[in-house]
Amino acid sequence: MARIGALAIAVAVLATAETAVNPVATTCCNALSRNPVLHDKVLYPNSSAYEDRIKDYYAANAALRPWCMVLPLTSEETSETMRVITANKCPFGMRGGGHMVFAGSSSTDHGVTIDLGYMNYTTYDPRTKLAYVRPGGTWSEVYGTLGPHNVTVTGARSNLVGVGGFLLGGGNSLHAAAYGWACQNVENFKVVLANGSIINANRSHNPDLWLGLRGGSANLGLVTRFDMRTIPEPLTWGGGRFWAYNMSDAVVEATVKFTDTIEEHVDCSVEAMFGWDPTNTQQPGGMYAVASLDNVRNEAYPKGLRDFLVIGGVYDDFLESRTVLDRTTLGNGVDGLQDVWVTGSYNNDIRILRYGLKRFEELVQQLKDQIGYENDERLGALLQYQPLTEPMIRNGDGPSVLGLENYFVKAGKNSAGMLSTVLLQAAKPAHLAALERIGHEFQRDMDEHATELGVNWGWKYLNYADYSEGPIARYGEESVEFLRKVAKRYDPYGVFQNLRQTGFKIPM
Ligand SMILES: Cc1cc2nc3c(=O)[nH]c(=O)nc-3n(C[C@H](O)[C@H](O)[C@H](O)COP(=O)(O)OP(=O)(O)OC[C@H]3O[C@@H](n4cnc5c(N)ncnc54)[C@H](O)[C@@H]3O)c2cc1C
Ligand SMILES: *[C@@H]1O[C@H](CO)[C@@H](O)[C@H](O)[C@H]1NC(C)=O
Ligand SMILES: *[C@@H]1O[C@H](CO)[C@@H](O)[C@H](O)[C@H]1NC(C)=O
Ligand SMILES: *[C@@H]1O[C@H](CO)[C@@H](O)[C@H](O)[C@H]1NC(C)=O
Ligand SMILES: *[C@@H]1O[C@H](CO)[C@@H](O)[C@H](O)[C@H]1NC(C)=O
Ligand SMILES: *[C@@H]1O[C@H](CO)[C@@H](O)[C@H](O)[C@H]1NC(C)=O
Ligand SMILES: *[C@@H]1O[C@H](CO)[C@@H](O)[C@H](O)[C@H]1NC(C)=O
């Protein structure tokens, strides 16, 4: 008895000193690194390559440290990885480009991270006009490869964003009104299932999996290739225009009107933003308004954007014709910081957008009072409004499981919605808890006020959602029931629901 007690204490001491003593960690990482296919694909915390992958996360708070990482280069290696993980019941995480911001979105400190970051290239077939996009790269690689072929695809507005998560969670692009959500542009997914099988999912083969992956995120398999329809216009006109903050109401009014009349200008795109950047000393209090204004048919100063182009008080302007690659370099944020994002969606009703702006000003004051720029030189905040419109569903190539149709119906004929997101940043890990508290309070107030006005959709965009926001449940019961059925068919033992530690699950 005494000997067992002493042993238990010894193990406990060792376990705190050295995670490798955790027997599950040892079993899983050994099984991977002894596997003949994977032996040189496994990274341990004692290597500089492991540290490089940790540093490569967009948000420092998302960069959880796994027992070990495995970085497959092919579908076959990914399949072998899944076989080992499933056979040994290893808890695991799945990483694409590593751009989702909350802790536990794409890495885990209670398991193995499957990191697809080395599967990071694109090919193009002029005969099929399809782009074959690998999951672990960034949109800059994708746009850069496709540009010389004079085509582009519905990728992110910031080209450092990763491919995999973006395409599986929806994907809101410059081309959204003209071509739909990015997931509705994937004609075929090459997928590694829980048991290691490699299959295609498209309209004619495994169509239920094909549909489920259009919004189902990481719940059904590891996607190793996305075959996307291409767009025959690699140039876009537009960019960002900045206004003094006191022009914000005019920007909100123009955004509401633009969204209501979207049918007249689906080739135009608008994203309205309001920011606090204490380093922007030219603007009073570091407050400013900015809009992303674009025409994806490369038409300069198009009629559809007129209401924005006449707003005075412009202090900076980056509107011009350029490639999608160059255009999307403008939106790249600062990485390596603490990030918190919260999101909601509402009727396109000016009352809730004005409320959001006023509430955002309070949020900035809270950041000043509770953290203070003098204590954190990277402190900052941004409120984003993005149209949610019917062309974004209709102009995709086939359906998705995002479930937005229900919300348009609820809001009435010719209705539109608005996606609202707040992005908070700070440099110091010690400030993360305050960012979370302030962000969650903002979102709670926004949703409550919208509910009082009768304009709260309750839909949450998965790619912007915080871990607390449960986006898949908001797709609606029909989508959720469908996803349960597809998961049961392709992952009968629930590997992605139970062993997976990262991302959002299907509510059961
Ligand atoms: C600066 C910035 C700009 C952004 N701009 C846009 C924008 O313009 N439009 C927009 O819609 N969104 C945008 N986003 C949000 C973006 O869509 C999400 O962060 C998205 O998750 C990024 O994909 P990723 O592969 O980098 O993510 P990761 O963090 O690697 O993964 C996100 C989720 O997807 C899963 N996943 C990733 N790859 C695969 C795969 N191959 N198979 C199965 N599951 C996988 C992961 O397990 C995880 O749950 C932006 C984000 C940032 C930080
Ligand atoms: C790193 O750790 C692994 C697993 O514990 C071990 O097999 C390997 O030899 C170590 N490498 C170095 C360089 O210490
Ligand atoms: C792309 O993957 C290769 C390995 O296939 C890797 O060497 C390279 O660093 C990756 N590129 C980026 C930008 O991560
Ligand atoms: C792309 O377009 C340019 C300009 O119109 C043209 O010169 C070039 O040949 C095109 N390239 C391809 C691969 O079609
Ligand atoms: C659909 O999947 C089948 C089966 O793997 C494959 O033969 C076919 O080429 C795929 N279709 C497309 C459009 O990718
Ligand atoms: C708006 O703010 C700018 C400075 O940022 C100032 O020059 C301008 O006079 C203000 N306009 C109004 C109407 O207050
Ligand atoms: C793997 O899972 C799929 C989906 O459940 C199934 O169709 C297939 O037969 C399985 N393959 C093996 C080798 O068990």
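Just so you know, all these numbers are worked out from the coordinates, no wet-lab data involved. Just so you know, these numbers come straight off a predicted model, no measurement behind them. Quick reminder, even Gly has a Cβ in these numbers, built from the backbone with ideal geometry, and neighbours come from all protein chains shown.
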**Fill in**
Classified through the alpha carbon gyration tensor (a ≥ b ≥ c as square roots of its eigenvalues; rounded if a/c is under 1.5, else prolate when a/b is larger than b/c, else oblate), the range 361-508 comes out oblate
**Complete:** If one compares the long axis through the Cα atoms of helix 477-490 with the longest principal axis of the Cα atoms of the chain, the angle in degrees, nearest 10, works out at 30
**Item:** Residues of the range 295-318 with amide N under 17 Å of a point placed 7 Å along Cα→Cβ from K129
**Value:** 297
**Request:** Calculate one ³J(HN,Hα) per residue across the range 87-96 by plugging θ = phi - 60° into the Karplus curve 6.51 cos²θ - 1.76 cosθ + 1.60, and present them in order as whole Hz with x for glycine and proline.
**Result:** 4, 9, 6, 8, x, 8, x, 10, 10, x
**Message:** I'd like the distance separating the alpha-carbon centroids of the range 324-343 and the range 186-260, in whole Å.
**Reply:** 17
**Item:** Cα-only Debye scattering, the chain: base-10 log of I(q)/I(0) at q = 0.06, 0.10, 0.13 Å⁻¹
**Value:** -0.28, -0.77, -1.30
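Subtract the Cα-Cα distance of E477 and Y493 from 0.36 nm times their separation in residues, and report this length gain in nm to one decimal.
Working: separation 16, 0.36 × 16 = 5.76 nm, distance 2.24 nm.
In short, 3.5 nm is gained.
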**Asked** Within the chain, which cysteines find no other Cys whose Cβ is under 4.7 angstrom from their own?
**Response** C183, C268
**Asked** Nearest 0.05, what FRET efficiency do E377 and R437 give at R0 = 25 Å with Cβ-Cβ as r?
**Response** 0.75
**Request:** Provide, for q = 0.15, 0.17, 0.26 Å⁻¹, the log10 of I(q)/I(0) from a solvent-free Debye sum over equal Cα point scatterers in the range 298-382.
**Result:** -0.99, -1.17, -1.22
**Request:** Towards the positive end of the charge dipole of the chain, with charges on Cβ (+1 Lys, Arg; -1 Asp, Glu), say which of L379, S217, C29 has the farthest Cα.
**Result:** C29
**Asked** Ordered by residue, what ³J(HN,Hα) values in Hz, to whole numbers, does the range 158-169 give under the Karplus form 6.51 cos²θ - 1.76 cosθ + 1.60, where θ = phi - 60° and Gly and Pro are x?
**Response** 10, 7, 8, 5, x, 7, x, x, 4, 6, 8, x
**Asked** In µm²/s, what is D for the range 461-508 at 37 °C and 0.692 mPa s, where D = kT/(6 pi eta Rh) by Stokes-Einstein and Rh is the Kirkwood radius from Cα pairs?
**Response** 288
**Message:** Once you place label points 7 Å from the Cα toward the Cβ at Q365 and Y121, how far apart are they in nm?
**Reply:** 5.6
**Prompt:** For D317 and S204, what is the calculated FRET efficiency with R₀ set at 41 Å and r taken between the beta-carbons, to the nearest 0.05?
**Reply:** 0.30
**Fill in**
Measuring from the longest principal axis of the C-alpha atoms of the chain, the long axis of helix 248-260 (C-alpha) lies at a number of degrees, nearest 10, equal to 80
**Request:** Would you mind checking which residues have amide H under 5 Å from D317's amide H? H placed 1.01 Å from N; only 5 or more apart, or other chain.
**Result:** F242
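What pairs in K129/K460; K485/K505; K358/K428; K358/K460 have C-alpha atoms more than 24 Å from each other?
Numbers: K129/K460 33 Å; K485/K505 14 Å; K358/K428 27 Å; K358/K460 21 Å.
Check vs 24 Å cut-off fails for K129/K460; K358/K428.
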**Asked** Mean projection of the alpha-carbon convex hull of the range 235-473 over all orientations, in nm²?
**Response** 12.9
**Asked** Ranked from highest to lowest mean number of other Cβ atoms within 10 Å per residue, what is the order of the peptides 100-110, 371-381, 279-289?
**Response** 100-110, 371-381, 279-289
**Message:** Tell me the angle of helix 2-17 to the major Cα principal axis of the chain, expressed in degrees between 0 and 90 and rounded to the nearest ten.
**Reply:** 40
**Fill in**
Its Cα gyration tensor gives the range 11-115 an equivalent ellipsoid whose semi-axes in whole Å, largest first, are 19, 19, 12
**Asked** If you plug each phi of the range 305-320 into the Karplus form 6.51 cos²θ - 1.76 cosθ + 1.60 with θ = phi - 60°, what whole-Hz ³J(HN,Hα) values come out, in order, with x for Gly and Pro?
**Response** 9, 3, 4, 7, 5, 8, 6, x, x, 6, 10, 7, 7, 10, 7, 6
